[in-house]
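The structure appears below as structure tokens.
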Amino acid sequence: MPAHPWLAETPWPTQQLPRAELEQRIDHFLATHWMGVLSTIGKDGPIGSPLEYHAEGRTVYILPQPRSPKLKALQRDPRLCLAIYAENSGWASVRGAQLFGRAEFLEPGTAGHDHAMTIYRWRASAEQLGRPMHQPPQLTLIKIEPERIVYTEQWLRKEGYAPRQIWHRDPNRQAATLRYGYEPVDQQGE
């Protein structure tokens with residue numbers, strides 16, 4: 001008999017969490033992790049870049065190196081996916097999130113940049129790199145406000161919910177996901 005019999009049950013549940021509970025789980029997940037893989041579209045194809053991020057709710061901030069391939073790619077095409085996963089010790093502990101959206105560039109000296117640097121933990125990196133600690137880096141930041149998040153948590157199966165949950169910024173799309181038990185495809189084939 002398996003250690004977690006509910007893992008063997010098929011078919012998997014398809015019920016979506018209520019929006020407020022899903023948002024709470026996503027916010028907690030993003031707040032308790034800080035590394036992910038940013039996928040962008042480079043001039044020669046896809047680019048996957050492991051990087052540090054910091055979140056405020058579902059809003060994520062990234063501090064890319066100037067002139068990096070990922071920054072150049074996002075300047076050409078701001079569409080992105082940020083994938084984050086938790087350490088796991090088997091199927092019962094699998095958790096992760098994929099954030100889909102567009103990069104917004106925050107320039108130094110702007111209110112958005114100043115606010116983001118209160119969220120981004122730049123001092124830890126500055127200390128490790130021997131950089132000044134008296135002022136945040138004056139570099140372009142990337143802000144991601146996801147349009148859609150695919151949240152995966154296998155433990156939800158034990159509670160009767162689908163292990164793959166879809167969140168949309170637009171509550172109407174979220175409601176359609178809850179109503180149909182899967183993400184509906186729009187007419188453009190998104």
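The values are calculated or read from the model by the stated rules, or taken from the named source; none is laboratory data. A quick note: this is a predicted structure, and the numbers were derived from the prediction, not measured. Note that we place each Cβ from the backbone using ideal geometry, even for glycine, and neighbour counts take in every protein chain shown.
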**Prompt:** Only one of (1) among the polar types (S, T, N, Q); (2) in a loop (DSSP other than H, G, I, E, B); (3) more than 19 Å from the chain's Cα centre (by Cα) fails for N88. Which number is that?
**Reply:** (3)
**Criterion (surrounded by 16 or more Cβ atoms within 10 Å (Cβ to Cβ) and more than 14 Å from the chain's Cα centre (by Cα)) met by exactly one of P78, P108** = P78
**Message:** Quick check on my filter: what residues within region 136-177 are surrounded by 18 or more Cβ atoms within 10 Å (Cβ to Cβ), assigned to a helix (DSSP H, G or I) and in contact with a helix residue (DSSP H, G or I) (Cβ under 9 Å, 6 or more places away or on another chain)?
**Reply:** Q154, L156, R157, Q174
**Request:** Only residues that are touching a residue at least 12 places away in the same chain (Cβ under 8 Å), out of contact with any helix residue (DSSP H, G or I) (no Cβ under 7 Å at 6 or more places or on another chain) and among the basic types (K, R): list them for region 56-90, please.
**Result:** K70, K72, R76, R79
**Asked** Of the residues that sit in region 81-90 and are of a type in the set (G, A, S) and at pLDDT below 95, which one is surrounded by the fewest Cβ atoms within 10 Å (Cβ to Cβ)?
**Response** S89
**Prompt:** For H33, are the conditions met, namely being surrounded by 12 or more Cβ atoms within 10 Å (Cβ to Cβ) and touching a residue at least 60 places away in the same chain (Cβ under 8 Å)?
**Reply:** no
**Asked** Is region 36-57 home to any residue that is surrounded by fewer than 18 Cβ atoms within 10 Å (Cβ to Cβ), modelled with pLDDT of 95 or more and under 10 Å from the mean Cα position of the chain (by Cα)?
**Response** yes
**Item:** Residue match in region 92-99 (condition: under 22 Å from E145 (Cβ atoms) and either β-branched (V, I, T) or out of contact with any strand residue (DSSP E or B) (no Cβ under 7 Å at 6 or more places or on another chain) (or both))
**Value:** no
**Message:** Among the residues of region 116-131, are any closer than 30 Å to E9 by Cα and without any contact (Cβ under 8 Å) to a residue 12 or more places away in the chain?
**Reply:** no
**Asked** When the residues of region 137-154 are filtered to those that are among the aliphatic types (A, V, I, L, M) and in contact with a Leu (Cβ under 8 Å, 6 or more places away or on another chain), which remaining residue is farthest from G36 (Cα to Cα)?
**Response** L139
